[in-house]
Amino acid sequence: MKKFCRNSETESKIDFLLQQMTLEEKAGQLNQVGPSPVGGFEISVEEKKKMYEEGVISKEEYERMMSDVQWDSQEDDVRAGRVGSFLGVCGSICCNHLQHVAVEESRLGIPLLFGMDVIHGHRTMFPIPLALSCSWDESLAEESSRIAAAEAAADGIHWTFAPMLDIARDARWGRIAEGYGEDPYLTSRFAAASVHGFQGDDLSNPDRILACAKHFVAYGAATGGRDYNSADISLQTLWDIYMPPFIAACESGVATYMAAFNDLAGIPCTVNTYLLQDVLRDKLGFEGFVVSDAGGIWECIPHGVVADRREAAKEALMAGVALDMVSRCYIEHLPELVQSGEVPEERLDEAVRQVLRLKYAKGLFDNPYTDTSKYDQVVLSEENRQMARNAARKSMVLLKNEGVLPLKKDCRIALVGELASQGKELLGTWNLYGRGEETITLPQALENRGANYRYVPCCGVKTPLDKEALRSAIADADVVIAVVGELEDMSGEASSLSYLGLAGDQNDMLRMIKESGKTLVTVLANGRPMAIREAVDYSDALLEAWHAGTETGNAVMDILFGDYNPSGRLTTTFPNSTGECPTYYNRVPTGRPASTVRHTCKYMDAPLKPLFPFGYGLSYTQYAYSNLRVKVEQDVISATVDVENCKDVAGEETVQLYVRDVVASMVRPIRELKGFCKVFLQPGEKKEITIQVPVSSLGFHNRDMNYVVEAGEFIIYVGHDSEAELCESIVLNFES
Ligand code: GLC
């Protein structure tokens, strides 16, 4: 683990400050103020009223909330040392103004920390993280995080609440959009890359920002895919599936963690001593600080584990949450809790120390202000746009192609679907400062190319199908490109869905085009795996483009016209229907492995296989795997395979290695991704590729919760996706 904060000089400075600070000033350092500085985050006045009328909050709580809505100027609280950080405040002039109040007008001059959700870009927007993960190229995560950091830092931001590292196996959960998919190993590689992209090697670098590993932990295991729901999983599943990306983030020196909203097996993460002390501090050696999620401390009241805000403040601090994101429970109750002796002052001091350490590490005491001339120089530069375009086309996944792609340069195109031109929608969820008008939409991309096209929306996610317009639009076309999918607010937070098919009349539009006999190329712009069986059947070609950011249109056309040979591979399983959720590749076999036999683990009314499996993706060429050799030397398994490009188009293949532990003391997944690498092959070229896997990575947490690698047979699969059949068996024995 990297220890980025502790040095004796800083510790002495912190000691000196702590000696001078009042209890309220100490609590102030743990108080993060946000756009909704009361109770639950982003709860409108009307919703607060409804919560009171439905008995979710007490009369006292409701009256207090309402009084806060008219809360005075935040400057007064900064000046009084009652605020240590802001959420959602942005703009170098605005941040510098508030910083000046803190540094020049408060008693101790402790600088503020400005935090923001910079999830997949700040002004230049990159593909949503789920899309980016389909590139299987973590260097894109590092580079896009670096660019996002530079743009956000120029805008006054010191700290992002990213990367989001929640493993997601249920597409009904809208936040599947924000993570890197269903696999722990791939997500761990992206975690390390993203943390380093945001933070760099020197936290005080003014072009870098602190990162935050969130949501700690197992938020993606929410029952039923319903956001904020309970996560009731075994300790083995916690450690083998949900923990690895957070361990990778810690090993990469991530500065902060965010406690998740959910309870984990009955204890809310915000007050979960096992997670925040035993795991994070004692086992992982984490040195930074933990921030609650927005209002998360207050939410322990509706969780039903504390009676009021005072108790919430006490339990959260004692469990290990240092910074209170916008609930104000800390600033209101910690001074009195310490005075009463219920909270030892040493615990308060430790939390303040953790926050001050990072403010020193960020260089805020020496350089508290942002250079206001930087923003216009760095945002949306041509270099940033090119990076966004490159990341977007590498994130897109070709799901079907019946020989119609790539398109001929001079073909007559009818472009339909409202989403094609909705710049803001194409930026995706958690876009805070990207501007829709700066997105290269699909019509613009066609215009840029001088293509022979006609664009008529005809139908949208919420706009009914105009059949007459559609008939007219496609009449003279050689090819119809139809854009369907989701609006940006249909995935992300508070966006759980009970139906994963295309909304509205979108399927009707595709069916009409199919029935017209025209060649149909469907482009999917969405934030989650969808049950698109009909769209697949109607389409001659189908490109999963995702919500791919500022350069979506150019990236789509780069692929459709063959300027880029699609290389994306799915990192989440696509279900045939919503009823199959949760569905994921690394499932256990059960005593009745799914088969055509009735009494086996399957649905009677669904195919045995998913619509598209983890790792799946087509190319304009074909890759052949042969001659797999596997050997074990020392503590490393080496799998060597020949990969050949069998057609006349150069392309980049992602070679994937999966492992199965055939017999173990606990059930083990039928496949687990344990290695992957990318290889570029010219037409007809064959290369020998070796992937090495440490034997230590083949382990799991056994019934005694010990991490063990057990002797016995392992099957090594190498190929194009999680259903690869080329395999070799090896036997591990540990007789020394
Ligand atoms: C939200 C999200 C969290 C985000 C925070 C601040 O509720 O759960 O991911 O960082 O609030 O916006």
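Just so it is clear, none of the values below were taken in a lab; they were calculated from the coordinates. Just so it is clear, the model here is predicted, and its values are computed rather than measured. Cβ coordinates were reconstructed from backbone atoms using ideal geometry, including for glycine residues, and neighbour counts include every protein chain displayed.
Remarks
- Local charge for residue 230 was computed over the other residues whose Cβ lies under 14 Å away, with Lys and Arg +1 and Asp and Glu -1, and equals -4.
- Centre-to-centre, using Cα atoms only, segment 428-471 and segment 632-646 are separated by 45 Å.
- Descending principal axes extents, segment 613-682, alpha-carbon based, whole Å: 48, 29, 16
- Global form of segment 420-574, assessed from the alpha-carbon gyration tensor, a/c cut-off 1.5: rounded
- Dmax and Rg, reported as Rg then Dmax, of segment 566-707 (C-alpha, Å): 17.8, 54
- Neighbourhood net charge (13 Å Cβ-Cβ; Lys/Arg +1, Asp/Glu -1) for residue 427: -4
- FRET efficiency, 1/(1 + (r/R0)^6) with R0 60 Å, evaluated for residue 8 and residue 563 via beta carbons: 0.60
- Linear extension gain, residue 728 paired with residue 599, 0.36 nm per residue minus alpha-carbon span: 43.4 nm
- Once the mean of 1/r is taken over each pair of separate Cα atoms and inverted, segment 672-736 shows a Kirkwood hydrodynamic radius of 14.4 Å.
- When the charge dipole of the chain is built from unit charges on Cβ atoms (+1 for Lys and Arg, -1 for Asp and Glu) and taken about the Cα centre, the candidate among 676, 272, 215 whose Cα reaches farthest toward its positive end is 676.
- Nearby lysines by direct alpha-carbon distance to residue 674 (threshold 18 angstrom, same-chain neighbours under 8 apart not counted): 631
- Inter-centroid distance (Cα atoms) of segment 691-736 relative to segment 7-26, Å: 50 Å
- Charge tally around residue 626: other residues with Cβ under 10 Å, Lys/Arg +1 each, Asp/Glu -1 each, net -1.
- Here is the list for segment 448-546: trypsin sites (Lys or Arg not before Pro) lying in DSSP coil, each with at most 14 other C-beta atoms within 10 angstrom of its C-beta, are 462.
- Size of charge dipole - the chain - debye, nearest 20, with Cβ of Lys, Arg +1 and Asp, Glu -1, no other charges: 1460 debye
- Inter-part distance, segment 351-396 to segment 225-270, computed on C-alpha centroids, equals 26 Å.
- A helix-only calculation puts the chain at -8000 deg cm²/dmol for mean residue ellipticity at 222 nm, using -39500 (n - 2.57) for each DSSP H run of at least four residues, averaged over all residues.
- Segment 433-504: chymotrypsin sites (Phe, Trp or Tyr not before Pro) falling in loop per DSSP and having at most 14 other Cβ within 10 Å: 499
- Spacing of the two label points (7 Å from each Cα toward its C-beta) at residue 667 and residue 640, in nm: 3.8 nm
- Once the chain from residue 680 to residue 202 is taken as fully extended at 0.36 nm per residue, the excess over their C-alpha distance is 168.7 nm.
- Ratio of the Cα radius of gyration of segment 464-543 to 2.2 N^0.38 Å, where N counts its residues: 1.13
- Theoretical gain in end-to-end length, residue 74 to residue 367 [0.36 nm per residue, Cα-Cα removed]: 103.3 nm
- Distance cut-off 15 Å, percentage of C-alpha pairs in segment 146-204 lying past it: 54 percent
- With eigenvalues of the C-alpha gyration tensor scaled by 5 and rooted, segment 232-327, Å: 22, 16, 10
- Cα pair distances in segment 380-512, grouped into 10 Å bins until the bin that holds the longest one, percent each: 11, 36, 39, 13, 1
- DSSP beta bridge pairing in the chain, given as percent antiparallel to the nearest 5: 55 percent
- Grouping the Cα pair distances of segment 537-641 into 5 Å bins from zero gives a pair-distance distribution of 2, 9, 13, 14, 15, 14, 15, 10, 6, 2, 0 percent in increasing distance order.
- Working value for the chain: equivalent-ellipsoid semi-axes of 43, 32, 25 Å, each the square root of 5 times a Cα gyration tensor eigenvalue, largest first.
- Residue 437/residue 139 FRET efficiency (R0 30 Å; Cβ-Cβ; nearest 0.05): 0.50
- For segment 562-610, applying the loop criterion from DSSP together with a ceiling of 15 other beta carbons within 10 Å to the chymotrypsin sites (Phe, Trp or Tyr not before Pro) yields 603.
- Percent of alpha-carbon pairs separated by more than 18 Å within segment 224-267: 38 percent
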